[in-house]
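Notes for the one structure printed next.
The values are calculated or read from the model by the stated rules, or taken from the named source; none is laboratory data. These figures come from a predicted structure and were not determined experimentally. Cβ coordinates were reconstructed from backbone atoms using ideal geometry, including for glycine residues, and neighbour counts include every protein chain displayed.
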Amino acid sequence: MLPILLASDSNTDPWLNWFWYQMPPQQLSPFAKGVDATYYFIYYVCVFFFVAIMAAMTYFCIRYRRKHPGEMVDKNAPTHSSFLEAAWSIIPSILVVPMFYWGFTDFMDMRSMPDGAYNIGVTGQKWNWTFSYGNGKGIVGGKLENVDWHDKKSIIRDLPAMHVPVNTDIVLTMNSKDVLHSFYIPVFRTKQDVVPGRYTKLWFRADRTGQYDIFCTEYCGDKHSEMLAQLVVDTQEDFDKFYNRVTNLVILFPDPVKRGEYLFNTRGCSQCHSLDGSPKANGGPSFLGAWGTEVSFEDGTSAKMDENYIRESVVNPQAKIRKGFGKIMSVGLLSKDEEFEGIIAFIRDLNEKAKK
Amino acid sequence: MTTLVTSEETYRPAGEHHAHVDKRGFISKYVFSTDHKIIAMQFYFSSLVWLFVGGLLAMLIRIQLAWPWERIPWLGEKLFASTAGQMPPEFYTMLFTMHGTVMIFLVIIPWLLGAFGNFLIPLQIGAPDMAFPRLNMLSYWLMWPAFFFFASSFVLQGLNNGPAAGWTSYPPLSAVPSAAPGSGPAQTYWILGVTFVGISSMMGSINYMTTVINCRAPGMTFFRMPLSTWALFITAILQAFALPVLTAAGLMLLADRVIGSSFFVPEDLWINGEQTKGVGGSPLLWQHLFWFYSHPAVYIMILPAMGIVSEVIATHSRKPVFGYRPMVYSMISICALGFIVWGHHMYTSGMNPVLGTAFVVSTVLISVPSAIKTFNWLGTMVGGTIYLTTPMLHAVGFVSLFIIGGLGGIFLAVTPIDVQVHDTYFIVGHFHYVLAGGSLFGIFAGVTHWYPKMFGRMMSEFWGKVHFAMTFFFMNGTFLAMHQLGAAGMPRRIADPTQYEFLLHLIPLNKFITFMAFGMGLAQTIFLINLLGSLVLGKRSGRNPWHANSLEWLASSPAPHGNFESVPLVYRGPHEFSSPESPADYLPQWLSPAEVKHWRPGEDDSPVSNKGGLL
């Protein structure tokens with residue numbers, strides 16, 4: 001009983017605690033209690049057998065030790081017993097059945113993804129975790145270079161943090177960009193390797209708000225021990241605020257040029273428009289050096305490439321067809337002011353870069 | 001057991017083979033020798049050297065975990081001048097990679113199979129040598145390229161650029177040369193080293209199997225073989241079928257690294273800012289291939305120790321092994337089950353949970369033959385006359401430590417618990433109980449039990465017991481506490497355990513483990529001094545100082561070239577201690593019923609040096 005009683009209290013003296021410390025103190029996910037119960041069942045079965053066998057062995061060593069030279073063994077001592085051997089084959093076999101059953105049901109709970117869960121993408125890369133929300137629209141990462149390892153506040157502030165809403169099923173779809181990693185949240189009793197070239201999944205539900213630790217537990221190189229992250233369990237309102245913040249492009253990319261670059265690469269523009277000055281095959285004109293130039297159209301007219309021309313070309317590409325390209329562009333995937341602001345700034349900035 | 005009926009009892013080709021006059025020179029006698037006993041000693045002493053190398057690496061690991069990032073006095077200035085005496089993580093990752101590699105591939109496997117396998121098999125089955133003596137010699141000398149490559153991987157690129165992918169060497173970290181500081185040439189040397197060890201072990205396995213099947217003395221039926229030979233025979237089979245998979249996987253990994261194939265490297269990896277050229281390989285494939293060998297390897301490392309311990313407990317309790325045949329059958333079933341449990345190393349790898357569950361079933365089943373063996377060892381002791389000699393103490397120590405290792409294994413077999421403690425210090429504690437507690441104590445029991453037969457002298461009982469007591473105490477202090485660390489969530493293979501407040505309260509426990517580990521390391525110097533000192537100072541022993549029954553005790557001590565003066569005939573099982581047919585408490589396998597009547601027990605044995613043991 002002692003381990004269970006003490007394990008429920010994490011604030012006792014650590015010197016006292018470490019001896020009795022078994023599982024980490026908090027049980028947060030739906031399966032944590034089941035895992036701990038199975039753990040302690042096996043623990044007590046093992047302690048019982050260990051003590052019994054050690055006591056027997058110590059007793060035999062003393063009882064049957066040679067007491068004087070020339071002492072002979074009782075020649076009728078047993079050398080074989082079918083009953084005993086059957087007993088110690090069958091009893092352990094019976095004892096492993098409940099262990100197997102509980103292990104099986106808990107494992108199935110862990111590995112069966114719940115329906116209608118909230119999805120978060122996780123990417124592991126030496127030595128960083130990145131979390132993406134809303135189909136990749138909002139991405140949270142952190143830069144380890146910014147973390148001051150001697151400053152507790154800095155560790156919490158500057159590490160990447162995964163926010164999740166409380167009391168909601170969360171499914172993580174995980175992938176690695178380089179080597180093997182493993183995603184481990186001790187208080188949730190769950191862990192899953194993150195493998196390059198395939199997706200692995202992990203689910204949990206946090207029943208309490210708070211801040212918890214995430215480890216990488218698959219050795220991934222010399223800074224493996226610094227591949228950490230924080231899990232922040234928010235109330236639903238706090239989580240909504242967080243979500244709006246990370247999916248808001250203005251907050252993510254305050255610099256319009258960077259915002260435009262992100263949009264250019266993620267909204268499909270880069271498939272048809274090059275940045276090196278030469279048009280792509282079956283594509284549209286290159287953006288390099290285009291800003292401010294006079295461009296000519298199929299119908300013989302021409303116009304200056306400015307803010308209004310770009311906005312119109314995205315919203316209604318058929319309005320003006322560039323000479324030599326044809327009607328190949330459908331609608332551009334931008335709709336918000338801050339998005340137009342970004343792509344305009346990006347194209348304008350290409351001229352500055354070309355001059356350099 | 002019944003006595004022999006195979007051949008006439010009077011037949012003894014005495015004298016004919018007596019003239020094994022040894023005309024070989026020094027080189028062919030001691031260096032390029034084809035004598036199984038010399039080859040055994042070559043394995044024995046090279047493993048001894050590597051044991052201390054591996055041990056020193058472990059001590060350095062413990063320094064970093066107890067005092068992370070602190071300046072290491074004296075040693076730090078010598079080794080880590082560029083980081084002002086602090087141990088850099090590159091060095092730490094090399095440490096745990098090479099500690100595991102050295103201990104498994106260069107200490108435990110060669111010591112148990114190379115040394116004891118070579119020494120015991122021909123002597124215990126009554127053969128003059130192995131079936132293929134030259135193959136045997138080659139199997140030892142192929143260890144030297146492995147030594148060379150492992151040693152080069154330490155030094156050629158500098159200590160901070162050693163192999164650093166862990167002893168499991170999971171790709172892509174190990175497959176892409178730019179993935180880790182040490183995964184350049186050092187990792188390639190590492191793979192070559194493992195490959196040479198594999199080829200060497202392969203030759204040994206074939207030799208052992210052939211020898212046991214074909215070279216047994218007349219009357220030595222399979223069920224008259226000592227359990228140590230049984231264990232080595234089963235292990236040789238296990239190794240012969242499992243090892244080619246690792247060797248093949250090693251060559252595939254080598255191809256991925258050197259000629260840019262893509263067995264284990266998936267497409268579109270970005271490692272350190274560079275895209276790799278992999279196309280559609282699978283890192284999980286390596287894990288399957290690696291564990292298909294490396295789980296049987298656990299049994300390769302524990303079965304011979306079990307055999308040695310069975311032998312030692314029976315001899316020093318003066319009782320037949322309790323349930324000889326169930327002991328053999330349980331070893332065979334461990335061997336068979338050992339092939340179908342590798343998936344329990346991969347519960348968190350993302351495999352199908354149904355498949356994972358199948359591996360749970362096969363894994364928990366292994367606890368049944370293991371339990372049978374444990375209880376039979378206890379049964380052997382009941383009603384015996386126990387001599388608490390050094391080998392017996394180590395054997396009893398083996399049983400108790402193996403129980404902890406085995407019970408810890410039950411936690412790990414049950415998937416949800418394994419998911420929690422996988423890749424934490426719980427695992428580290430568990431397999432050290434099996435390998436350091438199990439295999440190493442088996443080795444110590446074997447070394448002390450067969451020392452008189454190997455070298456013709458007795459080891460010091462007093463220092464042997466001091467070594468046992470210290471090792472036993474410090475070993476439990478080191479590794480029991482590691483279970484605690486792991487259950488509390490401390491991951492393994494982390495160069496800095498202070499990154500999280502969550503682990504800070506475990507630092508005192510880590511310091512405690514480090515002091516215990518230092519004590520364990522110190523105790524091994526006693527072992528070394530006792531082993532080497534007794535070569536010169538030990539009391540000379542007769543043929544059969546322990547009054548044992550198996551055939552190796554018929555040969556003189558140390559056993560000469562050709563082992564036996566004449567071909568021994570075998571009349572009974574190996575553990576006929578305290579038989580009513582015998583005037584003494586032992587009855588050697590080689591005595592015919594007619595000879596037993598005139599037999600004066602102990603006539604050519606020197607006095608046994610033990611005085612009734614510790615108690």
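Some points to look at:
- Identification of helices (runs of 4 or more DSSP H) wholly contained in the range A:1-63 with 1 or more residues that are modelled with pLDDT of 70 or more and either touching a Lys or Arg at 6+ places or on another chain (Cβ under 9 Å) or over 27 Å from residue A:233 (Cα atoms) (or both) yields A:32-63.
- Within the set A:284, A:277, the sole residue that is closer than 30 Å to residue A:322 by Cβ and surrounded by fewer than 17 Cβ atoms within 10 Å (Cβ to Cβ) turns out to be A:277.
- Residues that are of a type in the set (A, V, I, L, M, F, W, C), in contact with an Asp or Glu (Cβ under 6 Å, 6 or more places away or on another chain) and surrounded by 13 or more Cβ atoms within 10 Å (Cβ to Cβ) do not occur anywhere in the range A:292-308.
- Set A:332, A:292: member being in contact with a helix residue (DSSP H, G or I) (Cβ under 6 Å, 6 or more places away or on another chain), in contact (Cβ under 8 Å) with a residue 24 or more places away in the chain and not polar (S, T, N, Q): A:332
- Test: residue in the range B:366-383 that is under 28 Å from residue A:200 (Cβ atoms) and either in a helix (DSSP H, G or I) or more than 8 Å from chain A (Cβ to nearest Cβ) (or both): yes
- Any pair with Cβ under 6 angstrom, 6 or more apart, that starts in the range B:520-546 at a residue that is more than 21 Å from residue B:557 (Cα to Cα) and ends at one that is assigned to a loop (DSSP other than H, G, I, E, B) and at pLDDT below 95: none
- Positions within the range B:235-283 being within 14 Å of chain A (Cβ to nearest Cβ), exposed (fewer than 14 other Cβ atoms within 10 Å of the Cβ) and not hydrophobic (A, V, I, L, M, F, W, C), in sequence order: B:268, B:272, B:273, B:274, B:275, B:277, B:280
- Hits in the range A:238-249 - residues which are crowded, with 16+ Cβ neighbours inside 10 Å and at pLDDT 80 or above: A:239, A:242, A:243
- Hits in the range A:33-72 - residues which are at the interface with chain B (Cβ under 7 Å from one of its Cβ atoms), surrounded by fewer than 19 Cβ atoms within 10 Å (Cβ to Cβ) and β-branched (Val, Ile, Thr): A:62
- Scanning the range B:407-440 for residues being hydrophobic (A, V, I, L, M, F, W, C), within 14 Å of another protein chain (Cβ to nearest Cβ) and part of a helix (DSSP H, G or I) gives a total of 11.
- Residue list for the range A:273-285, restricted to those being of a type in the set (Ser, Thr, Tyr) and more than 38 Å from the chain's Cα centre (by Cα): A:278
- Scanning the range B:500-535 for residues that are touching a strand residue (DSSP E or B) at 6+ places or on another chain (Cβ under 6 Å) and either within 8 Å of another protein chain (Cβ to nearest Cβ) or closer than 20 Å to residue B:59 by Cβ (or both) yields B:500, B:502.
Residue-wise test of (1) out of contact with any Gly (no Cβ under 7 Å at 6 or more places or on another chain); (2) surrounded by 22 or more Cβ atoms within 10 Å (Cβ to Cβ).
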position: A:182; (1), (2): yes, yes
position: A:188; (1), (2): yes, yes
position: A:192; (1), (2): no, yes
position: A:199; (1), (2): yes, no
position: A:208; (1), (2): yes, no
position: A:213; (1), (2): yes, no
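- Selection status of residue A:194, under 27 Å from residue B:96 (Cβ atoms), aliphatic (A, V, I, L, M) and modelled with pLDDT under 85: no
- Residue tally, condition over 12 Å from the mean Cα position of the chain (by Cα) and not hydroxyl-bearing (Ser, Thr, Tyr), over the range A:166-186: 8
- Tally of residues being at pLDDT 75 or above, among the hydroxyl-bearing types (Ser, Thr, Tyr) and in contact with a Gly (Cβ under 9 Å, 6 or more places away or on another chain) across the range B:6-60: 3
- So residue B:561, is it under 29 Å from the mean Cα position of the chain (by Cα), closer than 30 Å to residue B:29 by Cβ and either at pLDDT 85 or above or away from chain A (no Cβ under 14 Å) (or both): yes
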